[in-house]
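Written out below as structure tokens is the structure these notes cover.
The values are calculated or read from the model by the stated rules, or taken from the named source; none is laboratory data. All figures in this text were calculated on a predicted structure; none of them were measured in a lab. Glycine also receives a Cβ, built like all others from the backbone with ideal geometry; neighbour counts cover every protein chain displayed.
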């Protein structure tokens, strides 16, 4: 057998991107949060105190952050917009984004989003999930999950898999950019009076 002739064939995976916002980008998002709009809980899956719509004035965040990440995703994985049945060019745009205020004991159940791509940005994480998971209810669990963010997906064998982010202040300013249909959830945290603040958004194709 000539092992040099053996090729590993990997189907194109739909993974996600991690990006750390710079100071200018973080300042802009915080300004948008300060000027948040109407409450949006009724449109979202979160079992949390409050979510508010945000305004991207002049499409600054869309042009400077979101659209470049669409291009990076196409380079690293594939352009998911190519799978949309259309014969015309429909450019990407950020059609909605919002800020979430999650208090202790609240959670975001398994869900996905509309559009082609979605993102989450952790603005403030007032706890360390590794310390949270030392609590009695999780310390001896085979799957400690207090305060975590988790992606859920199936592998090429159809097995259910997950990828967990053990959240702490270290992740403040981190943005995850992922296919809108990728299931994800947020577990509750406890014994912390500060809000966990995150921003999420959806990217669609104009005219569709």
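Computed values, structure above
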| item | result |
| --- | --- |
| Which listed residue is part of a loop (DSSP other than H, G, I, E, B), touching a residue at least 24 places away in the same chain (Cβ under 8 Å), under 12 Å from the mean Cα position of the chain (by Cα) and within 27 Å of residue 36 (Cα to Cα), from 194, 181 | 181 |
| Residue under evaluation residue 72, criteria (1) more than 23 Å from residue 164 (Cα to Cα); (2) within 17 Å of the chain's Cα centre (by Cα); (3) touching a residue at least 40 places away in the same chain (Cβ under 8 Å); (4) surrounded by fewer than 17 Cβ atoms within 10 Å (Cβ to Cβ), criterion not met | (1) |
| Residue match in region 127-145 (condition: within 25 Å of residue 23 (Cβ to Cβ), in contact with a strand residue (DSSP E or B) (Cβ under 9 Å, 6 or more places away or on another chain) and not in a strand (DSSP E or B)) | yes |
| Selection within region 42-63 - outside any helix (DSSP H, G or I) and touching a residue at least 24 places away in the same chain (Cβ under 8 Å) | 44, 45, 46, 47, 48, 49, 50, 51, 52, 53, 54, 56 |
| Test: residue in region 154-167 that is closer than 22 Å to residue 36 by Cβ, in a strand (DSSP E or B) and at pLDDT 95 or above | no |
| Single condition residue 101 does not satisfy, out of (1) in a loop (DSSP other than H, G, I, E, B); (2) in contact with a strand residue (DSSP E or B) (Cβ under 6 Å, 6 or more places away or on another chain) | (1) |
| First in region 126-146 and on the phi > 0 side of the Ramachandran plot and surrounded by fewer than 18 Cβ atoms within 10 Å (Cβ to Cβ), second anywhere and at pLDDT 95 or above and assigned to a helix (DSSP H, G or I), Cβ under 6 Å, 6 or more apart | none |
| Test result for residue 54, under 21 Å from the mean Cα position of the chain (by Cα) and either loosely packed, with under 11 Cβ neighbours inside 10 Å or at pLDDT 90 or above (or both) | yes |
